[in-house]
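Q: One structure, as structure tokens, below. Some questions next.
The values are calculated or read from the model by the stated rules, or taken from the named source; none is laboratory data. Computed from a predicted structure; not experimentally measured. Here the Cβ is made from the backbone with ideal geometry for all residues, glycine too, and neighbour counts use every protein chain on show. Accessible surface areas use protein heavy atoms only, side chains included; no ligands, DNA or RNA. Shrake-Rupley method; radii C 1.70, N 1.55, O 1.52, S 1.80 Å.
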Amino acid sequence: MKTIEPGTEAPPTILTGNQAAAWGAFLSRVQVVSAYPITPQTTVIETLADLTARADWPNRFVNVESEHSAMAVCIGASYGGVRTFTATSSQGLALMHELLHWAAGGRLPVVLVDVNRAMAPGWSIWTDQQDSLSQRDTGWAQFYCSSVQDILDHVILAFRMAEEASVPVMVVEDAFVLSHTAEAVSLPAPAEVDRFLPPRRPAFSLDVEKPRAFGGLLGPDWYQEVRKDLHESLLRLGDAAPRIYGEWERLTGRSYAPVEAWGVEDADVVLLTSGAVSSTAREVVATLRARRKRVGLVQVRMFRPFPGERLREVLRGVPKVAVLDRNCSFGHHGIFHQELKSALYSMEAAERPRIYGYVLGLGGRDVGPRALQEVVRLTEVREAPEPETTWIGAVLPEGPEQEHEEGVR
Amino acid sequence: MKIARGRVQFETRQDLPLSANSLGATDWNRTGSWKYLEPFHRDLTPPCSDRCLADVDVVAMMRRVEAGRWEEAVRGVLPANPFPAVTGRLCPHPCTAPCNRKAHGGGIDVRAVEREVGDWKLRHRVRPVLPPEILPSVHVVGSGPAGLAAAVTLRTLGHPVVVHEAAEEAGGMLRWSAPAFRLPIDVVHAEIEWVKDLGVRIQTSTPVLRDDYEGFGPAVLALGLGRSRGLGIPGEDLPGVHDACRFLADLRRGERPDLGQRVAVIGGGNTALDAARSLLRLGAEPVVIYRRSEREMPAFREAVAEAREEGIPFRFHEVPVALEPAKGGGLLLTIRGTVPGEPDESGRPRVLPGPGGVTVIEVDAVVKALGEELSEELLPRGVEAKGGVLVVDDRWRTGRPGLFACGEAAPGGGRSVAESIRDGRLCAIALHEEVAGAPLPADHPLRRLPDRDPRIAKFKDLNMAWFAGDPPEAPRRLAPALRAGSFDPVEEGLGTDRARTEAARCFKCGTCTGCDTCLVYCPDFAIERRPGGGYAVNLEYCKGCGVCVEECPRAAVHMRRASS
């Protein structure tokens, strides 16, 4: 196979989300990739294996027997000071859980693409956000993408942010809706990416001349200090994100923000979305506004660090916010719903919107314009958010109580 | 960061490292208290070293060769085996039978590596450290492998040594029996020169008579068996009936005896095969006649296989019963079939007459290779023989005070050169201890093997994650079709480079090579290098996880119940 010389070969312009993720890692000149295949992530690492095999810089693609080992390899390589990438989904991400904590606590700028897939049982390969949001408290930054272009750009942005803040970053895309859907993509020139993302300069790394052990026992005197530093580093990353997005925009012309808003200023109802649903919501909002309905949209792109301050600014004075959650923290709310409520709690009561929670689209159930219009309608007609959480599209009506035979239901 | 009262202190947030890391074991959490098992380093016995006929520590030799430390390799081998260039060519190498490498790419060719060690010794004239000759002088009667090994051992222990040899040149069977295609004569000459160079005096053409022993102090009797066994059949004395030993000795003298075209070689030992294969090389057509089956042949399996490669026919379960002159000048050999009977005292089936009739074959010559027996008339007074074997006690002492015996005529003698060399060494040590009045220290290099657990390291004990399955470095061998007419060695040497590659393939089963794997994998920094080699486990921190045991490539780390 021939070596790809950066800047000399016209890259493909139609890519699936997974191919875009792989190209993002390749253009970032990733040095160690370790991954274990799982539907619907598989084509990310297939594409990346092919690309890195042709790379003209030293790199290793390490095959392993589980996601736990994949993340362990990434951690080891990242301690070694090199740029490290993996991708996974659902059960695979859950299996990594212990080591996700390790990567964050170890302050290692690993980048992971998670293809959002519902958790089993029942077995499902289709999209929802339960897998990535279950890793909310591991200390990883999380970005939710809404298009194939988003994915490609965000893998590169993730390396930049991760290495600047010494924290790991997760880039999230929806199973099939994004991962296996091809869209026209503008590929940045390798030289441009190199300018934006210079070679990794690790804050610390393994040195055989000065052997040391990482992650050893840390007593009560200092443990809390180190955790506080992780927390504050994530907060600083939130502050730095607009600047880094700005640099990317100057380079590529594409602008992003941790929170993106449309038509919020005069809105009666604002939809709050994340992931691929956001692009459907944009269409719905445009359609409804053409009918003179005052509907707005807020897309939360950065989930960790949580952009609370920006959300308070954007939603100040908005009467009603309908939060769409493709996930559920069982026994409480959808997760974006509860996060938004906690973020807006500090607002003056007069300026604070009423917040309506909607859970929908679990296990890959399609979320189309009709479902979103239903959410808008329900929010308009209800004076108060009661119940706090409404399940959209659950089709079975209530019936009389009955005894269930074991295993039938 | 500063350290105050043994504790790390940080002044500011920026002073704090990003992530917890440590330069050694943590001081205050002695994880060693968690364990109920603890690891310890102890070498197991490598299967090859265990089986070596000459007590060579094969694995130690492989480590030195792998590292290219040739002189050290020679010096390591010499105490057990002063003649690695000889055994590196003649040894039946039972060490390779249990080689664990067989299951992973192919067994190690130990003999080929040993041969390079031996040739290096001769090329570079490596001499053992020689103490001054301050101990009583010792006479050695016989200069075969056992006598020479005894002489060298005694010399390295500080005895002046005189070797007496009846023949015109020293070397015994190495000089007069081994054919050139197995052991070139210049190797023998070089070894004899090397022995002389150590200060051992060798007197050739000097038969030792009964009375001569009266003038000896302590002495070693390392006799060969002087007399060939007869066929015991009519016609045995006819012209055209030859003795294999004499035939091989004539060849070794540089003659090319012409016995005729069709030659029957009678016998199944190494001498019979050496004779038959030599005849083939002289242009004759030998046939080997043996009274039992191929399995019962005393010859080495390798020699039988090579003879078969060369196309030499075998007639098994047949025994000669008569010889008479043939009309055209040859011999008519009458042979009869045999059947196996009950096992005899050697465990082999007795040979009984078969049911069929007799066969007569016409040959030009017959070569007798039926083994040899002791000529008792030359034995010194006080030395007894029983069943054709010298009587010695478990310390190699004959009935004559001060006279020790080893070699072909002693118990266990005549099986292989390697065993003769070992017996010569052990006999010399026994003599030395008696003369010195004290045993050799347990760690003396002439003692057997290093202190190890007697358990043999098995393939399942080893960690194959550390070893590639690369194939052996096989020595080049002369094509069978080219062997008739040529006394060139059948097997070529590996050369030093390929020998190093082969030695590197060796697992070094059961033995610590100082590879640091245990140290590197220990999650608690609890394994430390010991000054002077080896490792120590810091039990204050070792929590008994067993990672070192699991990861050790060669099963040199083990678990036991924790001591505290």
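Q: Looking only at the range A:350-364, count how many residues are buried (at least 17 other Cβ atoms within 10 Å of the Cβ) and over 16 Å from A:Thr390 (Cα atoms).
A: Residues flagged as buried (at least 17 other Cβ atoms within 10 Å of the Cβ) and over 16 Å from A:Thr390 (Cα atoms) within the range A:350-364 amount to 4.
Q: Tell me, which residue of the range B:393-422 that is at pLDDT 95 or above and among the aliphatic types (A, V, I, L, M) is surrounded by the fewest Cβ atoms within 10 Å (Cβ to Cβ)?
A: So, considering only residues that are at pLDDT 95 or above and among the aliphatic types (A, V, I, L, M), the one surrounded by the fewest Cβ atoms within 10 Å (Cβ to Cβ) is B:Leu403.
Q: Further question: Restricting to the range B:423-434, give me the number of residues that are touching a residue at least 60 places away in the same chain (Cβ under 8 Å) and open to solvent by less than 50 Å² (accessible area, probe 1.4 Å).
A: Here the count works out to 8.
Q: For the range A:206-217, check the following and say yes or no: at least one residue is at positive phi, within 11 Å of chain B (Cβ to nearest Cβ) and not hydroxyl-bearing (Ser, Thr, Tyr).
A: yes
Q: Hey, A:Leu272 hits all of (1) touching a residue at least 60 places away in the same chain (Cβ under 8 Å); (2) part of a helix (DSSP H, G or I) but one; which does it fall short on?
A: (2)
Q: Here are some residues: A:Val167, A:Val172. Which one is within 11 Å of chain B (Cβ to nearest Cβ), surrounded by 23 or more Cβ atoms within 10 Å (Cβ to Cβ) and within 22 Å of A:Leu112 (Cβ to Cβ)?
A: A:Val167
Q: I'd like to know if the range A:248-263 contains one or more residues that are without any contact (Cβ under 8 Å) to a residue 60 or more places away in the chain, of a type in the set (S, T, N, Q) and not in a loop (DSSP other than H, G, I, E, B).
A: No: the range A:248-263 contains no residue that is without any contact (Cβ under 8 Å) to a residue 60 or more places away in the chain, of a type in the set (S, T, N, Q) and not in a loop (DSSP other than H, G, I, E, B).
Q: Only one of B:Ala499, B:Ala556, B:Ala504 is touching a residue at least 40 places away in the same chain (Cβ under 8 Å), in contact with a Cys (Cβ under 6 Å, 6 or more places away or on another chain) and aliphatic (A, V, I, L, M); which?
A: Only one candidate passes the filter, namely B:Ala556.
Q: Every residue in the range B:1-50 that is closer than 17 Å to B:Glu528 by Cβ and either open to solvent by 90 Å² or more (accessible area, probe 1.4 Å) or within 14 Å of chain A (Cβ to nearest Cβ) (or both), please.
A: B:Ser22, B:Leu23, B:Gly24, B:Ala25, B:Thr26, B:Asp27, B:Arg30, B:Thr31, B:Gly32
Q: Scan the range B:253-270 residue by residue and report those that are among the charged types (D, E, K, R) and either out of contact with any Pro (no Cβ under 9 Å at 6 or more places or on another chain) or open to solvent by 90 Å² or more (accessible area, probe 1.4 Å) (or both).
A: B:Arg253, B:Glu255, B:Arg256, B:Asp258
Q: Starting from residues that are over 25 Å from A:Gly17 (Cβ atoms) and within 14 Å of chain B (Cβ to nearest Cβ), keep the ones in the range A:81-103 and report whichever is surrounded by the most Cβ atoms within 10 Å (Cβ to Cβ).
A: A:Trp102
Q: Quickly run through the range A:343-386 and pick out the residues that are aliphatic (A, V, I, L, M) and within 30 Å of A:Val115 (Cα to Cα).
A: The answer is A:Ala343, A:Leu344, A:Ile355, A:Val359, A:Leu360, A:Leu362, A:Val367, A:Ala371, A:Leu372, A:Val375, A:Val376.
Q: Residues of the range B:457-472 being open to solvent by less than 50 Å² (accessible area, probe 1.4 Å), in a loop (DSSP other than H, G, I, E, B) and at pLDDT 95 or above, which ones?
A: Listed by number, the residues that qualify are B:Ala457, B:Leu462, B:Asn463, B:Phe467.
Q: Those residues that are β-branched (Val, Ile, Thr) and within 16 Å of the chain's Cα centre (by Cα), I need them from the range B:24-77; list them, please.
A: B:Val56, B:Val58, B:Val59, B:Val74, B:Val77, listed by residue number.
Q: A:Arg310 - would you say it is within 27 Å of A:Trp391 (Cα to Cα) and out of contact with any helix residue (DSSP H, G or I) (no Cβ under 6 Å at 6 or more places or on another chain)?
A: Considered against the rule, which asks whether it is within 27 Å of A:Trp391 (Cα to Cα) and out of contact with any helix residue (DSSP H, G or I) (no Cβ under 6 Å at 6 or more places or on another chain), A:Arg310 comes out as no.
Q: Then there's this: Can you tell me which residue is surrounded by the fewest Cβ atoms within 10 Å (Cβ to Cβ) among those in the range A:104-118 that are aliphatic (A, V, I, L, M) and away from chain B (no Cβ under 14 Å)?
A: A:Ala118
Q: Would a scan of the range B:435-448 turn up a residue that is surrounded by 14 or more Cβ atoms within 10 Å (Cβ to Cβ) and outside any loop (DSSP other than H, G, I, E, B)?
A: For the range B:435-448, residues surrounded by 14 or more Cβ atoms within 10 Å (Cβ to Cβ) and outside any loop (DSSP other than H, G, I, E, B): present.
Q: Regarding the range A:176-188, can at least one residue be identified that is under 18 Å from the mean Cα position of the chain (by Cα), under 18 Å from B:Ala20 (Cβ atoms) and open to solvent by less than 10 Å² (accessible area, probe 1.4 Å)?
A: The answer is no; no qualifying residue exists.
Q: Taking A:Ser132 as the residue in question, decide whether it is crowded, with 22+ Cβ neighbours inside 10 Å and within 14 Å of chain B (Cβ to nearest Cβ).
A: Spelling it out, it is not the case that A:Ser132 is crowded, with 22+ Cβ neighbours inside 10 Å and within 14 Å of chain B (Cβ to nearest Cβ).
Q: Another question about this same structure. May I ask you to verify whether B:Ala73 is modelled with pLDDT of 95 or more and within 23 Å of B:Val188 (Cβ to Cβ)?
A: yes
Q: Next up: Within the group A:Ala241, A:Ala203, which residue is open to solvent by 60 Å² or more (accessible area, probe 1.4 Å), small (Gly, Ala, Ser) and over 30 Å from A:Ala371 (Cα atoms)?
A: A:Ala203
Q: B:Gly412 passes all but one of (1) more than 17 Å from B:Leu53 (Cα to Cα); (2) outside any strand (DSSP E or B); which number fails?
A: With respect to (1) more than 17 Å from B:Leu53 (Cα to Cα); (2) outside any strand (DSSP E or B), B:Gly412 is out only on (1).
Q: Being among the aromatic types (Phe, Trp, Tyr) and either farther than 22 Å from A:His97 by Cβ or open to solvent by 10 Å² or more (accessible area, probe 1.4 Å) (or both) is the filter here, so list the residues in the range A:144-164 that pass it.
A: A:Phe159
Q: Separate question: Looking at A:Arg382, is it open to solvent by 30 Å² or more (accessible area, probe 1.4 Å), in the same structural domain as A:Arg282 (by TED's automatic domain parsing) and in contact with a Phe, Trp or Tyr (Cβ under 9 Å, 6 or more places away or on another chain)?
A: For A:Arg382, the condition - open to solvent by 30 Å² or more (accessible area, probe 1.4 Å), in the same structural domain as A:Arg282 (by TED's automatic domain parsing) and in contact with a Phe, Trp or Tyr (Cβ under 9 Å, 6 or more places away or on another chain) - is met.
Q: Let me ask something else about it. Provide a single number: the residues in the range B:213-244 that are without any contact (Cβ under 8 Å) to a residue 40 or more places away in the chain and either among the charged types (D, E, K, R) or on the phi > 0 side of the Ramachandran plot (or both).
A: The qualifying residues number 3.
Q: Under 6 Å between Cβ atoms, at least 6 apart or on separate chains: pull out the pairs that start in the range A:221-245 with a residue that is within 12 Å of chain B (Cβ to nearest Cβ) and end on any residue that is open to solvent by less than 100 Å² (accessible area, probe 1.4 Å) and not basic (Lys, Arg).
A: A:Glu225/B:Leu16; A:Leu230/A:Gly139; A:Ser233/A:Ala165; A:Ser233/A:Val167
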